[in-house]
Amino acid sequence: MKRRYFLTLASLAPAFVLWPVFARADDVPDSVAAVKARGKLLAGVKMDTPPFGFLNESNEPAGFDLDILRAVAATIGVPIEFVRVTSVTRIPLLLSGNVDVVAASMTHTREREHTIDFSEDYYTGGQTLLVPKASAITGVDGLDGKRVAVQQGTTLAKNIAALAPKANVTAFRDYDAAWLALAQGRADALTGSLSILEGFAKNNDGFKIVGGLLSKEPFGVGMRHGDWAMRDAVNATLQDLWASGAYAKLYQTWFGGAPSEPIEVYPQ
């Protein structure tokens with residue numbers, strides 16, 4: 001039987017005592033040292049956002065984000081345990097020390113850099129629209145007065161509010177809830193990341209993607225401010241994956257094509 005990687009917040013309590021112990025000269029905790037002492041990497045991921053993070057047919061965690069973090073754990077030299085997060089909880093759980101890193105289809109923005117640090121961007125996508133096949137909506141210009149579902153706690157809600165200010169935008173707790181609103185006719189359109197909406201469209205023949213890309217959305221792995229050791233470990237992992245060709249294989253597995261944007265590789 002495969003090991004299940006789910007934790008409750010209560011089970012994470014012992015991890016907190018490690019943080020003050022590994023403060024460096026600049027008083028920033030070195031989470032890589034804490035991870036090695038603990039013996040595992042606590043990684044925040046989503047479980048409702050295929051192909052980035054979801055539960056597969058065996059009810060096991062799977063997805064592109066999870067494979068990236070498995071590689072990070074291998075670089076550090078420890079096993080990994082996945083902690084379920086949402087768009088709303090991913091940064092608070094990171095800041096509180098409940099997780100060491102977060103890879104949860106999180107767009108790397110300058111606003112978020114005021115709160116956390118990011119790795120190099122490991123995926124670049126964009127926002128688009130999913131509508132019923134019979135819908136007359138062909139893009140954001142057709143959203144005036146329409147009900148648009150979006151996931152709360154994301155850049156997606158801000159983008160669609162700016163692009164379609166006359167739309168009636170409703171934010172849902174996660175993609176599954178937003179999708180259900182569209183599927184049940186409680187929304188006229190669902191906006192989200194292209195790769196995620198492609199998954200819904202692929203599995204539901206009565207829907208289509210329209211309007212092209214509305215934005216450019218680079219995803220980064222999040223860690224606490226000033227945690228340079230963790231940032232270096234994540235960036236080294238991403239560069240090694242790219243240089244070895246392993247990244248392209250993972251990308252092909254989860255997205256069915258070649259990467260649209262390269263990962264920057266620094267000279268040795």
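Any read-out appearing in this document is the output of simple, stated calculations on the displayed coordinates, not a laboratory observation. All values derive from a computational prediction rather than experimental measurement. In this analysis, Cβ positions are derived from the backbone assuming ideal geometry, glycine residues included, and neighbour counts consider all displayed protein chains.
Could you give the length gained by full extension between Glu261 and Ala183, i.e. 0.36 nm per residue of separation minus their alpha carbon distance, to one decimal place?
24.9 nm
Just tell me the longest site-free run in the chain, where the sites are GluC sites (Glu not before Pro) in a DSSP loop having at most 14 other beta-carbon atoms within 10 Å.
112-263
With a 10 Å Cβ neighbour count serving as the proxy for reagent exposure, in which order, fewest first, do Arg231, Arg110, Arg38 appear?
By the 10 Å Cβ count, ascending, the order reads Arg110, Arg38, Arg231.
Hey, with R₀ at 30 Å, roughly what FRET efficiency would Ala248 and Arg110 work out to, going by the Cβ-Cβ distance, to 0.05?
The formula returns an efficiency of 0.55 here.
Using +1 on the beta carbon of Lys and Arg, -1 on that of Asp and Glu, and nothing else charged, what's the dipole of the range 127-210 about the Cα centre, debye to 20?
About 120 debye.
Considering the dipole of the chain built from charges on the beta carbon (Lys and Arg +1, Asp and Glu -1) around the Cα centre, which of Ile116, Gly222, Gly206 is farthest to its positive end?
Of the listed residues, the answer is Gly206.
Plugging the Kirkwood radius over Cα pairs into Stokes-Einstein for the range 127-210, at a temperature of 4 °C and a viscosity of 1.567 mPa s, what D comes out in µm²/s?
Reported coefficient: 106 µm²/s.
If the cut-off is 12 Å between C-alpha atoms, which aspartates and glutamates fall inside it for Lys166, apart from same-chain ones fewer than 8 positions away?
Asp141, Asp144
Between Ala37 and Lys202, what is the label-point separation in nm under the 7 Å Cα-to-beta-carbon projection?
That separation, rounded to one decimal, is 4.3 nm.
Which percentage, to the nearest 5, of the DSSP beta bridges contained in the chain is antiparallel?
Of those bridges, close to 60 percent are antiparallel.
Within the set Lys40/Lys249; Lys36/Lys249; Lys46/Lys202; Lys208/Lys249; Lys202/Lys249, which residue pairs have Cα atoms separated by over 24 Å?
Lys40/Lys249; Lys36/Lys249; Lys208/Lys249
How much of the DSSP beta bridge set in the range 127-210 is antiparallel, as a percent to the nearest 5?
The antiparallel fraction comes to roughly 55 percent.
Please find the FRET efficiency linking Leu55 to Trp228, where r is the Cβ-Cβ separation and R0 is fixed at 51 Å, and quote it to the nearest 0.05.
About 0.90, to the nearest 0.05.
Over all distinct alpha-carbon pairs, what is the Kirkwood Rh of the chain in angstrom?
Averaging 1/r across every pair of different Cα atoms and inverting gives 19.3 Å.
Can you sort His108, His225, His114 by how many other beta carbons sit within 10 Å, fewest first?
The order, fewest Cβ neighbours first, is His114, His225, His108.
Sort Val265, Val72, Val169 so that the residue with the fewest other Cβ atoms within 10 Å of its own Cβ comes first and the one with the most comes last.
Arranged by neighbour count, lowest to highest, Val265, Val72, Val169 become Val265, Val169, Val72.
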